[in-house]
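Here's the structure we're looking at; comments come further down.
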Amino acid sequence: MAAVLVLDDSATMVMSLSRILKNAGHTVDTGADGREGVAKLTGGLKPAIILTDLNMPNMDGIAFIKEARRNAATRFTPIVVLTTESSAGKREEARAAGASAWLIKPTEPNALLSTLKQLLPAA
Amino acid sequence: MNELLASFVTEARDLLAEAAEDLLALERTPDDEAAINRLFRSVHTLKGSSGLFDVAPLTRILHAAEDMFQAVREQGVALSAEMVDVALRTLDQTGLWIDALERNQTLPDTAAAASQTLAATLRAAFGSVATGGAAATAASPDTAPEAGAAAELLACFDATLRRVLSRESGSFRLITYEPDEACFFKGEDPLHLALQIPGMAALASTARSPWQTPDALDPFMCNLRFHALSRAGHDTLEALFRYVPEQVTILDIPAAALLHAIPAGAAPATPAANPLTGELLSAQLALLDAPAPEAERAGRWAAAADVARHVLQADGHNAAAASVAAAHAEAEAACLPGRLRSAIADVLANLAAVVPALAAAPAMPGRDAQARPAAEPPERTAPRTLRIDQEKIDQMMNLVGELIVAKNSLPFLARRAEQQFGQRELGREIQDQYSVIDRIAQELQGSVMAVRMMPMGQVFQRFPRLVRDLARKLGKQVELVIEGEQTEADKNVIETLFDPLLHMVRNCLDHAVEPPAERIALGKPETAIVKLAARQDSDQVVIEIIDDGRGLDPEKLKRKAYERGLIDEDRMAAMSDHEARMLIFAAGFSTAATISDVSGRGVGMDVVRNAVEKAGGRVALSSELGRGTTVRLNLPLSMAVTRVMTVTLHERLFGIPMDLIRETVRVPAADILRIKSSEAFLLRDRVVPLLRLASLLEMTEPEAAGDDVAVLVVRVGGQTIGLGITAFGEGMEVILKPLAGMLAALGGYAGTALLGDGRVLLVLDLKELIAT
């Protein structure tokens, strides 16, 4: 049971991820792009883990990760990149920006949940 | 429909519209970086979401399109017209499949085949190394198995295969499955998938590229290729691999042909075993044989299997490695450690021979079931905007309409209380209450109308594509400029507009715009400009279609109209240029010498005019020969509620649409001028013709000889006219219903409205009355 922030510009993807996460007992907050994500964080939201897409309008996932890492509250929050992108360059870029893990969507619910389990501090 | 799918359908439509727009923008300005980025993102997002559903054909074409845009974006591949064509076709196809998904929750049966063709065309269009395309071709069931290719593929199986085949008849499917390099990041498990192949007779794996040295090896990249022989049919196999169809080829091979393909005695090339390999394998056997506590057993098997597999792979015995892995999976599933042990022992005993898994892998709980969205009630996510069913808004609008009619009965009630029952005080109170309800009703109406307002962009956005396709078809060069797409109008008005606009734009491209060569000869820019502009002007929307084409030739139009018997010689001689141009709106008039399949389908601009006028609008036109034409449509912002003024004519009540009325005046009888048989009067030093409404309506009652005449000054068809009536009534809002049934053919009436006291008000169509 953890608070998860999900960022994706596809409402369908957000709906699907929320469903998987909520069924597993997590609480979910969502945003449609990096800017909304930053707004949530500066608004006082303290997620235990963040899932973000890379390709988003306004502020993309990489910029969001950099922004989140600058914020003291989320400096060490695990950030999972969830994307359809598979290029090694992008992966490296995300890792350098501070991403904790990389999953290719659509992921199987189990793969997603086990990744979260690994990244979340043991309850 | 499942809420997740519903969300996908809506999202997909939005993204498709954006993508089409960006694609066309990009074709005009190829170095528009923002457009290619947006385009890529739209398709990328759409592909991503499509992966949530069982719509592999859809995902496949989007994937191919994404790759194309990626190549344009990152590798500087120039976007050709052909690429745009096939990309647009992809968007169209996606749109059709989205429609199908909405209707049936599934794609049509033809989707898989159509998808393969389209994806191959896409990839061919941008010169991709079409691995997917080639695989797709090979996968089609009618491809004849090529003995040479088969033999090459079969080389990875070993001699034991011959034994299996010699006992079999019938045909086999030879499956080559080459997982995506990044498959591990997608939550895919290629080995697991390969083991699930039904009716499997043999399974082997090879490396796609030579194995790297351990320190250079990227363990997260899949370097395997699986080869399997199966007795199962094409459909079953395709169903298994439905998520990765582009990674799989399936060939039909009769068992006899297979035997033939493997030359007798030709043992598969097996590298000489490294002594160290044998040593390591023996160590694993020892490990398996050693007693282990229950809790450690599974871990030990896995460790032994992993080491054995890695050792074999490192030594080049890929098939053997795969069979160890397969045996391990089986051993785990069936809880039989012996399976793994004997597999390793077999490998060790004869490094050249691997016993193929003869039995089909046991059916395991489908991982596919998990990938599909669950059917339980979906969670709500906070929406950014509220999407409302149109019907609900229409229903609300109808109720508001009824409320307005109902409230209009209060003044009648007030009058009755005062006059019939002598209750002056009560009458006034009712009147006061009426004002309150009136105000609220009007605000309510305003709010509902605001909800129904849609930007003109909704209609305009369909044109760039249309103009592009048409221009290409006609061999003309046209740039479409759109202005004022933010201008809002009622949904009904917007919906009415599309067909007339479509018709006019078609006409414009077909007739008005010259071919490039002609334009150059005329000293005009090669590319014609067609402009669609919208703006709001008080309570009207003004839409203009402006071109810089040929312009209308009055003389030619007059001759055509005469030839068609629409006008006689006298009329032709007397006609002004403007009147002549307006002839294109006459019924039965078409200027095209030959009827083309673009605009001429027996309907002319009269259809446009009728549609616009039916919506309470009007059409104006100006044109200059050789310079271009402007058609202007004026439409009311809303069609739901009409403001009318009631007038009395010989004790009968009629309604006149308020937007035509400029003012009301009383003209002293003595001031009426008589010009031949017509009447006129002076309005602020202007002579205004005076028409008697009673005679327009062919009423027979004699004109009342009063001191003065009540005159309604109206503007109809660009002309100011005075209408003589008996008495002015009041202004009111009514819901105008068109005449229906037998009355529908009656000219001169815009429709009927129900009055607050239950009477039916006939609302006049002055344009028609005055024109006749």
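Relative contact order of region B:640-747: what whole-number percent is it, with Cα pairs under 8 angstrom and at least 6 residues apart?
Once divided by the residue count of region B:640-747, the mean separation gives 36 percent.
Given R₀ = 30 Å, what would the calculated FRET efficiency be for A:Ala96 paired with B:Thr213, taking r from the Cβ atoms and rounding to 0.05?
0.70
For the protein assembly as shown, just say rounded, prolate or oblate: build the C-alpha gyration tensor, square-root its eigenvalues into a ≥ b ≥ c, call rounded for a/c under 1.5, and beyond that prolate if a/b exceeds b/c, oblate if not.
Cα axes put the protein assembly as shown in the prolate bin.
Assuming a ≥ b ≥ c are the square roots of the Cα gyration tensor eigenvalues, decide whether region B:456-636 counts as rounded (a/c under 1.5), prolate (otherwise, with a/b larger than b/c) or oblate.
oblate
As a quick test, which of the pairs A:Lys40/B:Lys47; A:Lys22/A:Lys105; A:Lys22/A:Lys46 have an alpha carbon distance above 22 angstrom in this structure?
A:Lys40/B:Lys47, as the Cα separations exceed 22 Å there.
Could you please state, rounded to a whole Å, how far the C-alpha centre of region B:476-506 is from the C-alpha centre of region B:675-737?
Each part reduced to its Cα centre gives a spacing of 36 Å.
When B:Ser205, B:Ser42 are ordered from fewest to most other Cβ atoms inside 10 Å of their Cβ, what list results?
B:Ser205, B:Ser42
How well do other chains shield peptide A:96-109, expressed as the mean number of their Cβ atoms within 10 Å of each residue Cβ?
4
Show log10 I(q)/I(0) for region B:642-771 at q = 0.12, 0.22 Å⁻¹, two decimals, from a solvent-free Debye sum over equal Cα scatterers.
-0.45, -1.44
Taking θ as phi - 60°, what are the ³J(HN,Hα) couplings along region B:313-329 by the Karplus curve (6.51, -1.76, 1.60), each to the nearest whole Hz, with x for Gly and Pro?
Ordered by residue, 3J(HN,Hα) equals 5, 4, 8, x, 8, 5, 4, 4, 4, 5, 5, 5, 4, 4, 5, 5, 4 Hz.
Going through the cross-link list B:Lys473/B:Lys558; A:Lys66/A:Lys90; B:Lys491/B:Lys737, which pairs have a Cα-Cα distance over 20 Å in this structure?
B:Lys473/B:Lys558
Between A:Thr74, A:Thr12, A:Thr107, find the one with the highest GNM mean-square fluctuation for chain A; connect C-alpha pairs within less than 10 Å.
A:Thr12
To the nearest 0.05, what FRET efficiency results for B:Thr527 and A:Ala24 with a Förster distance of 56 Å applied to their C-beta separation?
0.45
Limiting things to C-alpha atoms, what are the Rg and the maximum Cα-Cα separation (Dmax) for region B:3-129, in angstroms?
13.8, 40
Need the C-alpha centroid separation for region A:103-123 versus region B:176-237, integer Å.
The distance from the Cα centre of region A:103-123 to that of region B:176-237 comes to 24 Å.
Taking the Cα atoms of region B:390-454 alone, what are Rg (to one decimal) and Dmax (as a whole number) in Å?
Reported Rg and Dmax, both Å: 15.0, 49.
FYI, it's all coordinate maths here, none of it is from the lab. None of these values were measured; they are calculated from a predicted model. Glycine gets a Cβ as well: all are built from the backbone with ideal geometry, and neighbour counts include every protein chain shown.
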